[in-house]
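Asks: Below is the structure I would like to discuss, written out as structure tokens.
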Amino acid sequence: MSRIGRKPINIPAGVTVTLASDNQITVKGPKGELKKTFHPDMIIKVENDVISVERPSDDKKHRSLHGLTRTLIYNMIEGVTQGYSKSLEVQGIGYKVQKQGNKAVFNIGFSHPVEVEEIDGIKIDVTGPTTLVVSGIDKQAVGQFAAEIRGKKPPEPYHGKGIRYVGEYVRMKEGKAGKK
């Protein structure tokens, strides 16, 4: 039995969860609304402000989906109550980021500035000349958007310059050995 899958999920005050017949769950909370359709084999029950997820058999596929389904539902509830955020920092001499309207403009060593526009449900906050925070209610979308920003100039291993997550460790390589 999945240890994660069998844990019940408590629905906090101010959050409404609606379950449709095709395993589509709608979660509404103070920060917004999320919808997701889950695998039809999973048995999802909403009773007395508690959500439980059960599996029909012990097949490998059902065991895999059990914990995943429960975690995705929990992340939806967490997102509409508290939200998710990823912090990024820009490192390098002369590298900086600024906010212009709904865009973040990066000066990261290219001949042109790199612009990244906010998308629906995702907000960019520039907290300093070299730091920014990507936030939203959908955990997957926030992580994907932060990864796309990081992909504009990932940290390189020789000088450590680029865009990285706050707290990310970049393993540095030794440079070329000089001639004697």
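The values are calculated or read from the model by the stated rules, or taken from the named source; none is laboratory data. Being a predicted model, the structure only gives us computed values, none of them experimental. Using ideal geometry, Cβ is built from the backbone for each residue, glycine included, and neighbour counts are taken over all protein chains shown. Heavy atoms of the whole protein, side chains included, go into the accessibility calculation; ligands, DNA and RNA do not. Shrake-Rupley method; radii C 1.70, N 1.55, O 1.52, S 1.80 Å.
Asks: Could you grab me the full set of residues in segment 55-65 that are farther than 19 Å from K139 by Cβ, in contact (Cβ under 8 Å) with a residue 12 or more places away in the chain and open to solvent by less than 50 Å² (accessible area, probe 1.4 Å)?
Replies: R55, H62
Asks: Can you tell me which residue within segment 110-140, out of those that are surrounded by fewer than 16 Cβ atoms within 10 Å (Cβ to Cβ), hydroxyl-bearing (S, T, Y) and within 15 Å of K99 (Cβ to Cβ), is farthest from the chain's Cα centre (by Cα)?
Replies: Out of the qualifying residues, it is T130.
Asks: Report whether or not S52 is surrounded by fewer than 18 Cβ atoms within 10 Å (Cβ to Cβ), more than 21 Å from the chain's Cα centre (by Cα), of a type outside the set (A, V, I, L, M) and part of a loop (DSSP other than H, G, I, E, B).
Replies: no
Asks: Just checking, which of G94, G121, G109, G136 is at pLDDT below 95, closer than 19 Å to K35 by Cα and out of contact with any His (no Cβ under 8 Å at 6 or more places or on another chain)?
Replies: Selected residue: G121, the only one of G94, G121, G109, G136 that is at pLDDT below 95, closer than 19 Å to K35 by Cα and out of contact with any His (no Cβ under 8 Å at 6 or more places or on another chain).
Asks: Considering G167, G160, G143, which residue is more than 27 Å from Y74 (Cβ to Cβ) and either modelled with pLDDT of 95 or more or in a loop (DSSP other than H, G, I, E, B) (or both)?
Replies: G160
Asks: Okay, moving on. From (1) in contact with a Phe, Trp or Tyr (Cβ under 7 Å, 6 or more places away or on another chain); (2) outside any loop (DSSP other than H, G, I, E, B), pick out the condition that doesn't hold for Y74.
Replies: (1)
Asks: Please work out if F106 is of a type in the set (F, W, Y) and touching an Asp or Glu at 6+ places or on another chain (Cβ under 9 Å).
Replies: yes
Asks: Could you run through segment 93-102 and say how many residues are under 21 Å from H159 (Cα atoms) and either among the acidic types (D, E) or part of a loop (DSSP other than H, G, I, E, B) (or both)?
Replies: Result for segment 93-102: 3.
Asks: Now for a different question. Select from segment 1-35 the residues that are open to solvent by 80 Å² or more (accessible area, probe 1.4 Å), in contact with a helix residue (DSSP H, G or I) (Cβ under 7 Å, 6 or more places away or on another chain) and closer than 13 Å to T71 by Cα and list them in ascending order.
Replies: Within segment 1-35, I4, K7 meet the criteria.
Asks: Sticking with this one: Look through V105, V116, V80, V90 and report the one residue that is in contact (Cβ under 8 Å) with a residue 40 or more places away in the chain and assigned to a strand (DSSP E or B).
Replies: V90
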